[in-house]
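Reviewing the structure listed below.
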Amino acid sequence: PDWENFVKMSRWANDNLDKNAVIASRKPSISYIYTGREFAGIFNVPNDPLDNVIKQFNEGKDEYVFLIMDINKTKIQVLSPYIQHIFINTNGSNFFINNEKTNAPVIYKINKSMLEDNHLIDELNNNNINYTLDHEAFISQYINDKNNNYQVINPDLLLKSIKDANIKYLLLAKIRVYTPQNTGRYINTIHQYISFIQAKYPDYFKIIHSIGKEETCEIAEYVGP
């Protein structure tokens, strides 16, 4: 029922949401066919060039420290607003923090005085969390990787794209990668888009409606500033 739920949600959005609101869809042309309404397309999660990461290192090194950890291995919520970049390692690549393999390292840009005043390093050490402040050594792994086995995500860049396009609602569909059969693999571009923003801004989206018990289609509202 992946496409069935997608079409139903497109129609629900058209019938129940503000006629002037911009709604994002992974398949805007299909949404248009079944509603006659223009939907904004989100087709990929844009990559932030590695040069931009290095530039921010150089510009902020006197005032800030760059704390690097694996996002899957720490849940220190106080750090979320300081996320600068999220690295997604691909193709079985091997990147490390202190010789420990990492799959989704995150760079936090933190004012030096805040790091000291809030005893964050003590908390990391007390909880045995693997981290590094040596951003040059960390980033050199990616500079030397000739196969580009990674993607660099900037949550603020994604958020800016949504705000620039005046997107108010986002259609979260589970459209099968392999149409004839449910293999559990879906085209989830907009899910990823939102999840990266929520890593830094967890309260900026809320689910307002869902359709279907299987291969559920949801619609999220942007409620951020």
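Here, each number is a calculation from the coordinates, and none is a lab measurement. Only a predicted model underlies this, so the values are computations on that prediction, with no experimental measurement involved. Note: ideal-geometry Cβ built from the backbone for every residue, glycine included; neighbour counts use all protein chains shown.
Just a few scattered comments:
- Relative packing of 21-34, 104-117, which averages over residues the other C-beta atoms within 10 Å, highest first: 21-34, 104-117
- Taking all Cα pairs closer than 8 Å and separated by 6 or more residues, the relative contact order of the chain comes to 28 percent.
- Membrane-span-like helices in the chain, defined here as complete DSSP H runs extending at least 15 Å along the helix axis by their C-alpha atoms with mean Kyte-Doolittle hydropathy no lower than -1.0, are 50-60, 189-200; this is a sequence and geometry rule, not a statement about a membrane.
- Counting only Cβ charges, +1 for Lys and Arg and -1 for Asp and Glu, the dipole size of region 50-153 around its Cα centre is about 360 debye.
- When the Gaussian network model of the chain links Cα atoms closer than 10 Å, the mean-square fluctuations of GLU123, GLU215, GLU38 top out at GLU123.
- The residue list THR132, VAL22, PHE87 was ranked by how far each Cα lies along the charge dipole of the chain toward its positive end, using unit charges on Cβ atoms, and VAL22 comes out on top.
- For TYR222, residues with placed amide H under 5 Å, excluding near neighbours: TYR169, LEU170
- Label-reachable residues, region 135-172, where backbone N falls under 18 Å from a point 7 Å from ILE208's Cα toward its Cβ: 162-172
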